[in-house]
1. Looking at region 67-115 only, could you name the residues that are without any contact (Cβ under 8 Å) to a residue 12 or more places away in the chain and polar (S, T, N, Q)?
2. Would you mention how many residues in region 70-96 are loosely packed, with under 10 Cβ neighbours inside 10 Å and charged (D, E, K, R)?
3. I'd like the residue in region 68-82 that is over 14 Å from the mean Cα position of the chain (by Cα) and aliphatic (A, V, I, L, M) and, out of all such residues, is nearest to residue 47 (Cα to Cα).
4. Scan region 53-69 for residues that are of a type in the set (Gly, Ala, Ser) and surrounded by 12 or more Cβ atoms within 10 Å (Cβ to Cβ) and report the count.
Amino acid sequence: MKYRDQTYFPAFRQYLVHTGLGDWPKELRRRKNLKRLKTEARVMPPIPYGPSEIVLGEKYAPPSANHLLGTDRLGRDVLSGIIHGSRYALVIGLVSVGISLLIGVMLGALAGYFGGWT
């Protein structure tokens, strides 16, 4: 996303904001300000809530424009929890594929070098 001649990566920026290492520009901090921005600056993550962010007064809220899959018993956004959990599942899957690839290539190289058992 490009904003005022500066490129932003909202998915990564959200991590920096969550850990306290960065902050959003003032114009991007509230959802209502998005209508005033240029079209290219409207590219944001699909949900403005963090996986552990509790929205008071919205316990068991049904799906709506603010909470696409609703909220749970504490008022946390369900979709943000699913996206947050899927990140870990994808990382674990990619690491296991990498380890399997490394072991497979090593065993294949050894079998090719010391072959002749057929």
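1. 86, 96, 100
2. Total satisfying the criteria: 1.
3. 68
4. So the first thing to find is which residues in region 53-69 are of a type in the set (Gly, Ala, Ser), and the list is 57, 61, 64-65.
Narrowing the set further to residues that are surrounded by 12 or more Cβ atoms within 10 Å (Cβ to Cβ) leaves 61.
Residues that pass the stated criteria total 1.
None of the figures in this text is laboratory data; all of them are computed from the coordinates on show. None of these values were measured; they are calculated from a predicted model. Note that each Cβ is placed from the backbone with ideal geometry, even for glycine, and that neighbours are counted across all protein chains shown.
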